[in-house]
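Beneath this line is the structure, given in structure tokens, with notes to follow.
Since every read-out is calculated from the coordinates, none of them should be taken as a lab result. Computed from a prediction, not measured in an experiment: that's the story for all the values here. Cβ placement follows ideal geometry from the backbone for every residue including glycine, while neighbour counts extend to all protein chains displayed.
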Amino acid sequence: MSPRQALELAQTLRAAIADERVLAAVASIPRERFIPPSEQERAYENVALPIGAGQTISQPLVVARMLEVLALEPTHRVLDIGTGSGYHAALLSLLADHVYTVERHAGLADRARATLTELGIDNVSFRVGDGWEGWADEAPFEAINVAAAMGDEPPRALEEQLADHGRMVAPVGTKEQHLTLTERSGERVRRHRLEAVQFVPLVRD
Ligand code: SAH
């Protein structure tokens, strides 16, 4: 089902990503299905690309890195903030039990839902709404993935929806952003700052 280029993309990422499950997931998702016709030629380049509505599909290396940092298990329920094209959610769906993804643009959410259905992915639930609020009805989550930059601190609402020993990865910062891993242990929350990244902002309405 996945083209040879997806396998080659996974091979390119191997230099920076050690987790074989993440590389296998990248190799099995056809990224071109998440990309508008005008950008098709670049679908398997390791770059972020425009997907409409002023938004982008993230760079594959950064997506793979975020998947690796989450250390997902097949039993995990994952909250994904910023569905966008649905590419990141599709990869999460291969590594976890169920993905709950939230997007504020109804048009993007509809297109992502259609793409995942065409690919036969049936363990992703979609919601159009404000990602800052998470998805309280389905909490707690063993993992939370945030695909847009959050000001200087990850929002409390999301940290509160993390299960005990849950992990959240998010770009944090305004001018300069860093991937940030938040780990919850009981009532304690620990944050680790990782590499610098560049994401579109998580919009606050
Ligand atoms: N994960 C996506 C890329 C995300 S780009 C992919 O794989 O293609 C960031 C996305 O976050 C955009 O689609 C944007 O519309 C969405 N977004 C921005 N602010 C948001 C908010 N407050 N709540 C939900 N989604 C938001």
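If you check Val189, Val203, Val197, Val169 for being in contact with a Pro (Cβ under 7 Å, 6 or more places away or on another chain) and either away from the ligand (no atom under 16 Å from the Cβ) or in contact (Cβ under 8 Å) with a residue 60 or more places away in the chain (or both), only one passes: Val197. Scanning the range 36-49 for residues that are in a loop (DSSP other than H, G, I, E, B) and touching a Leu at 6+ places or on another chain (Cβ under 6 Å) yields a count of 2. Looking only at residues in the range 174-190 that are among the polar types (S, T, N, Q) and in a strand (DSSP E or B), the one that is farthest from Asp164 (Cα to Cα) is Gln177.
Considering the range 79-101, the residues that are in contact with an Asp or Glu (Cβ under 7 Å, 6 or more places away or on another chain) and outside any loop (DSSP other than H, G, I, E, B) include one that is nearest to the ligand (Cβ to nearest atom), namely His88. Considering (1) assigned to a loop (DSSP other than H, G, I, E, B); (2) out of contact with any Lys or Arg (no Cβ under 8 Å at 6 or more places or on another chain); (3) buried (at least 20 other Cβ atoms within 10 Å of the Cβ), the lone condition that Pro154 does not fulfil carries the number (2).
Scanning the range 90-135 for residues that are of a type in the set (Gly, Ala, Ser) and under 21 Å from Leu23 (Cα atoms) returns Ala90, Ser93, Ala96, Gly120.
Residues are listed down the side, and each one gets a yes or a no for (1) away from the ligand (no atom under 11 Å from the Cβ); (2) assigned to a strand (DSSP E or B); (3) within 21 Å of Glu68 (Cα to Cα):
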site	(1), (2), (3)
Gly107	no, no, no
Arg111	no, no, no
Thr117	yes, no, no
Asp122	yes, no, no
Arg127	no, yes, no
Ile144	yes, yes, yes
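Tally time: how many residues in the range 50-75 are within 9 Å of the ligand (Cβ to nearest atom), assigned to a loop (DSSP other than H, G, I, E, B) and crowded, with 22+ Cβ neighbours inside 10 Å? Total satisfying the criteria: 1.
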